[in-house]
Amino acid sequence: MPERARTAAVVVTWEGGAATARCVASLQAHDAPPDLVVIVDNASGPAERAALRAAWGDAPGVRLLLLDQNRQFAGGMNAGAAAALAAGAERQLFLNNDTQLAPDALRLLGAALDAAPAAGIAGPRVVDLAEPTRVLSSGERHSLPLLCLPRTLLRYRRAAARAYRVTGVMGCALLVTRACFLAVGGFSEEIQVYYEDVDFCVGARAAGFEVVVEPRAVVRHDGLRGFAAGLTPWAAFLKARNPWLLMRRRAGVGAWLPFVPTYGVMLAASALVYALRGRSDIARALGRGAGAGVRAVFGAAATPVGAPRPGS
C-alpha cells in the first residue's frame, strides 16, 4: 500500500463563531483526519480572535493563521494554501467555515483522486445543513457560454454509487492536488468571492486536470444563495460584477455570444424581483456590480470590495 498523501484542510472564516468550531470539530472526528488543519481568519474583530486563540491556538495538528486584512474567500484560501504547501501537503481540502463533513468524507475524496490519476479536484455531494435530504450539488456543469443559466437547469442529477467526472464542483468543499493548485495559480483574488470556484475549475480543466465527484462523500453546507434569494447589497454587487471578470479571464470569443444576452436577462429579472419586494437597495447594487464588471472588461481594473459589515 502506498503511503497516504499528506493532506491539509484549509478553513476560511470571518466572524465565524460557532460555525467555524463545528466545521473544525467535524474534521477532527474523521476516520482519516487531515494531517494539518489551517484555520485562516480574515481579520475578524478582537472578540472573535480571542475565541479562536483560546480554542485552537495550542491545539495539536491545527495552525491558526490570523490575517491583518480581510483578503476575502479567495485570498484566505490562497493564504491557507501557502501555509499548507510549505508544510508539505500534497492535497488540500478547501472548506467554507459553514460546512460540516461526514466522518468518512475526506477518506472517500482521497480515494476518488487515487482512482483517477488525471483528476486534480474531487468534490463531495453537498446537502443542506438544516435539511440533509435536500441535495445542493452533486457536481456542477461549468460552461462559460451557459454561465448565467440557473444552476437548477444544469446540475448533475445522476444517482451513482461511485465517483464520476464532472466539469466543476461547488466551492464550499473541494479536495485539490498540489500539482493542480500550482498549475491554476490559486484562486482569483480579483474575483474575491462568488464565481471564484467556477474560475478555479475552468482553469484546472484548461490545464489538463479532470474534476470528479464522489457522491458517497457527504458535506453539509449552510448559506447557499442564488441571485433571486437572500442577497445582501454586498453579495449582489459581487454576483453581478464577477461573471464579467470570469469571462475576461477565461472565455474565448464564441462564449461571449450567449453570455451577454443571458446575463442581461438574469440581471434584469433579479433586479425586478428585488424591486417588487421593496429592496431597491439590492436592485441598485446589482446595477452597480454590472457596471463595474463591464468597465473591468473594457480596460478598468476591478476595484476590490471590502468585507461586509454584519447585516450588509
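Rounded to whole Å, the principal axis extents of the Cα atoms in the chain read 54, 44, 39, largest first. Computed over the chain, the per-residue total of -39500 (n - 2.57) for DSSP H runs of n ≥ 4 gives a 222 nm mean residue ellipticity of -13500 deg cm²/dmol, rounded to 500.
In degrees, nearest 10, range 0 to 90: what is the angle between the Cα axis of helix 72-86 and the longest Cα principal axis of the chain? Roughly 30 degrees between the two axes. Its Cα gyration tensor gives segment 86-161 an equivalent ellipsoid; the semi-axes, largest first and in whole Å, are 23, 18, 14.
Put simply, when 207-217, 124-134, 15-25, 170-180 are sorted by average Cβ atoms within 10 angstrom per residue, most first, you get 170-180, 207-217, 15-25, 124-134. May I ask you to derive the relative contact order of segment 1-122, considering only C-alpha pairs under 8 Å and at least 6 residues apart, and to give it as an integer percent? Across segment 1-122, relative contact order equals 38 percent. With everything on Cα atoms, drop me the angle between helix 280-297 and the longest principal axis of the chain, reported from 0 to 90° to the nearest 10. Roughly 80 degrees, rounded to the nearest 10. As a length-normalised measure over Cα pairs under 8 Å and 6 or more apart, the relative contact order of the chain settles at 18 percent. Pairing the Cα long axis of helix 196-206 with the longest principal axis of the chain, what angle in degrees results, from 0 to 90 and rounded to the nearest 10? Computed tilt is about 80 degrees. Note that segment 24-32 has calculated 3J(HN,Hα) couplings of 5, 4, 5, 5, 5, 8, 5, 6, 9 Hz, one per residue in order, obtained from phi through the Karplus relation 6.51 cos²θ - 1.76 cosθ + 1.60 (θ = phi - 60°); glycine and proline are x. Probing with 1.4 Å while keeping every protein chain in the model, the per residue accessible area of segment 10-72 equals 44 Å². Expressed as a whole percent, the accessible area of the chain that falls on carbon and sulfur atoms is 57 (1.4 Å probe).
As an equivalent ellipsoid, segment 32-110 spans semi-axes of 21, 15, 13 angstrom, where each value is the square root of five times an eigenvalue of the C-alpha gyration tensor, largest first.
The values are calculated or read from the model by the stated rules, or taken from the named source; none is laboratory data. For clarity, every value in this text was computed on a predicted model and none was experimentally measured. Don't worry about glycine lacking a Cβ; one is built from the backbone with ideal geometry, like all the others, and counts go over all protein chains shown. These accessible areas exclude ligands, DNA and RNA; they are computed on the full protein's heavy atoms, side chains included. Shrake-Rupley method; radii C 1.70, N 1.55, O 1.52, S 1.80 Å.
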